[in-house]
1. Hey, can you tell me all the residues within region 119-134 that are closer than 17 Å to residue 43 by Cα and of a type in the set (A, V, I, L, M)?
2. For region 349-361, does any single residue satisfy the condition of being out of contact with any Phe, Trp or Tyr (no Cβ under 9 Å at 6 or more places or on another chain), under 28 Å from residue 136 (Cβ atoms) and of a type in the set (S, T, N, Q)?
3. Would a scan of region 124-143 turn up a residue that is under 21 Å from residue 32 (Cα atoms), over 20 Å from the mean Cα position of the chain (by Cα) and among the β-branched types (Val, Ile, Thr)?
4. Please go through region 327-342 and pick out each residue that is open to solvent by 40 Å² or more (accessible area, probe 1.4 Å) and of a type outside the set (A, V, I, L, M, F, W, C).
5. Against the definition (at pLDDT 90 or above and open to solvent by less than 10 Å² (accessible area, probe 1.4 Å)), how does residue 121 come out, yes or no?
6. Based on what the data block shows, is residue 201 touching a residue at least 12 places away in the same chain (Cβ under 8 Å) and not in a helix (DSSP H, G or I)?
7. Taking the conditions exactly as written (among the aliphatic types (A, V, I, L, M), modelled with pLDDT of 80 or more and either over 20 Å from residue 278 (Cα atoms) or part of a helix (DSSP H, G or I) (or both)), does residue 242 satisfy them or not?
8. Considering only region 192-201, I want to know if a residue exists there that is over 21 Å from residue 267 (Cβ atoms) and open to solvent by less than 10 Å² (accessible area, probe 1.4 Å).
Amino acid sequence: MLSYNFFLIKSSPLRQIPIRTMLFIASIIYLDMYDLAMYVGYSVYLSPVLLPPMALYSAFLFFSATFVASQFSKVVGYFWFNLLEDSYSQKHAVRAPVLIGLCYLILALQPTYNQVGIFAAYLFILIRMIQGFAFGFELAFVIRYANAQEQTKSRRYMFYFIIFAGEVGILVSVFVNRLFISQGFSLVIYDYICRLQFLMGFCFIVLSYVFIERKINLKVYSNHFTRLNFLYSLKRDGFYILCRSAILCFNVTLIIMIIFRMPNLSHLGMGWSHQLINQTVLHTTVIAFLGTNFIRVIETKFKPRDIMFFFYASGVVICIFWIYLDLVFTEYRLWIYIVAFFYGAFIRLYPLVMYTVADFHCHNRLSGRYLGSFLSYNLFGSLTLLALDVAHYQVHSYHDNIALYILIIAALIGIISLHLYTKRFQK
C-alpha cells in the first residue's frame, strides 16, 4: 500500500502546492502514526519502570486500556475542533503542537515507579490522554487546512499523500523499535531508548513549528470548510464515512495482530528467542509480499470487489476451522503465516477497491475518506487491542481463540459494509 500511494502521488498535481505546506501536512500525520505504532507494539516494555510488580497479563491490559483512553481522547479532540467556532478553533490550533511537544517532554522526563510509586502510572495515563486530545485537535486542523488549498483538483491526491505520510510513520517506528528490541537490551536500557524517542518527538515538534509552521500562512481557510460545513458533511455523508471505516476494520485488525503485537507477544508471553522471532518476522514479510503479488496476478481476471469478498469469506471459514480443531494451540506459527498472507492481500486490495469506487457526489471526499480511516484505527483498532488483552487476562494464556473471533467479526462487518458501500457508490 505504501508503494501504491507513492506512485499515485508521484505524478499528481500536488507539485503545485508549496513544499512547506506539504511538509506541514505530512509532519503531524507522520508523528501521529509513529507514536501509535510505537505505543501499541512496544509500550509494554515500560511496565517494569512505570508499574508495580505485576503479571504480564495485567501489564498488557494496563497499556491497552491507556491506549483506548488516549485514542478516544484523540477522537474527541478531532470533533471538538470541528465543532468550535472557526476563529476560535483556528486560534487554538496553533497551540496544539505546543501541547503535544510539552507532553513528549514530560514523558521523556517522567519519574519512575521507584521514585513516586503508583503516581508514575497515573501521570502516564493523564499525559497520554492530554496528548491524544491535542493530536486529534491538530489533525482536524491539518485536514481542514488541506481542504482549503486553492487547487481543488489536488484534493483527491491529497488523501493519498496523507495516507502515505502515515504509512511511513508506521514503517519507521516498527523498524526502529524492532531493531532495538532484537538486540536483547535490558528493560532499563529500553526505557532510556523510549525516553530518547519521546525527546525526539519533542524536538520534531519544535523544529516543525520553527521552520515550517511559522513560515506558512495558516489563515488560508475557505469559507466552504466551516463548522456548519462539517456538520452538514456528517449528516449527508455519515453512511459513507461509516462504511469506509467498517471496510478497513479487517485490515486494521491484521496490522495490529501481525505488525504491532506478534513480535512482543511471542517474546514476552511465549518465551520465543529473538532469533526465532526475527526468523518469523522475515517469513511473514515474505509471505505478505507473496499475498500482495498474488492479488496483482488475479486482479486482471476478476473484479477487485469480488476478490475482496472472497478473502473476507475465506478468512471467516479458516478461522472457524481453526477454532473447531483447536489448532491455535498446536499450529500457532502456521496461523501467523496464513494471517500474514491475508494481510499482504489486503494491502493491495483495499486501495484497489476503495480508491476506484465512484464517490464524486459526496460532499467532501477528503474529509470523509480521512475520517473513515481515522475512526477505524482509533476506535476499532483500540477496542480490538483491548479485547485481546482482556481475554488474555481472563484465561491467563496467550493461546486462546479471541483473535480468531475478532477476525470473524471484522470480516463479517467488512462483507456487509462493502456490499452496502459499493451498491450505493459504484458507478
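The values are calculated or read from the model by the stated rules, or taken from the named source; none is laboratory data. None of these values were measured; they are calculated from a predicted model. Reconstructed Cβ throughout: ideal geometry from the backbone, glycine too, with neighbour counts over all protein chains shown. In case anyone asks, the SASA skips ligands and DNA or RNA and just uses the protein heavy atoms, side chains included. Shrake-Rupley method; radii C 1.70, N 1.55, O 1.52, S 1.80 Å.
1. Those that are closer than 17 Å to residue 43 by Cα and of a type in the set (A, V, I, L, M): 120, 121, 123, 125, 126, 127, 129.
2. No: region 349-361 contains no residue that is out of contact with any Phe, Trp or Tyr (no Cβ under 9 Å at 6 or more places or on another chain), under 28 Å from residue 136 (Cβ atoms) and of a type in the set (S, T, N, Q).
3. No, that holds for no residue.
4. 330, 331, 333, 337 - these are the residues of region 327-342 that are open to solvent by 40 Å² or more (accessible area, probe 1.4 Å) and of a type outside the set (A, V, I, L, M, F, W, C).
5. Yes.
6. No.
7. yes
8. Yes, region 192-201 contains a residue that is over 21 Å from residue 267 (Cβ atoms) and open to solvent by less than 10 Å² (accessible area, probe 1.4 Å).
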